[in-house]
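Working notes, beginning with the structure itself.
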Amino acid sequence: MNRLDIPKFAKISILLLLVFFLIAVIIITVGESNLFNKKKLRFDENFTLHQPLVAPEPPSTPDEYYLVRPKDYTWTEQDIDRWFSPPDEQLLDSLRDANDELISDLLEAAP
């Protein structure tokens, strides 16, 4: 087995670190010098329009889409038949029982 020569290893590692540091300094200075040497763009103060300005078209909405329903609208018999179904007694009884249970739970929890 070869033994590691500590002084020789320390000299080589310090030399490598110095080389990497020198390369990093060179890269940074070259990069910054390019930043400061860039030519600035200059624009004329007077703007000349070569074509007329055209506004974009607004988005279209489908014909069957209503933003607001008229307030004076009342249901017709066809609307009632289509959208409303009267509740049956069994459904109303189960709803009443569930509500009574919630109310009793609230009253029992009150101090």
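The values are calculated or read from the model by the stated rules, or taken from the named source; none is laboratory data. Remember, predicted model here, so these are calculated numbers, not experimental data. FYI the Cβ positions are ideal-geometry reconstructions off the backbone, even for glycines, and counts take in every protein chain you see. Please note that ligands, DNA and RNA were not included when accessible areas were found on the heavy atoms of the full protein model with its side chains. Shrake-Rupley method; radii C 1.70, N 1.55, O 1.52, S 1.80 Å.
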(Q) Counting only protein heavy atoms and a 1.4 Å probe, tell me what percentage of the chain's accessible area is made up of carbon and sulfur. (A) 63 percent
Q | Value in Å of the Kirkwood radius, where the chain supplies the Cα pairs that are averaged | A | 27.0 Å
Q.
Net charge around Asp100, counting only other residues with Cβ within less than 14 Å of its Cβ (Lys, Arg = +1; Asp, Glu = -1)?
A. -4
Q.
I'd like the orientation of helix 89-109 relative to the chain: the angle between its Cα long axis and the longest Cα principal axis, in ° from 0 to 90, rounded to 10.
A. 60 degrees
Q: Report the charge-dipole magnitude of the chain in Debye, nearest 20, computed about the Cα centre from +1 at each Lys and Arg Cβ and -1 at each Asp and Glu Cβ.
A: 2580 debye
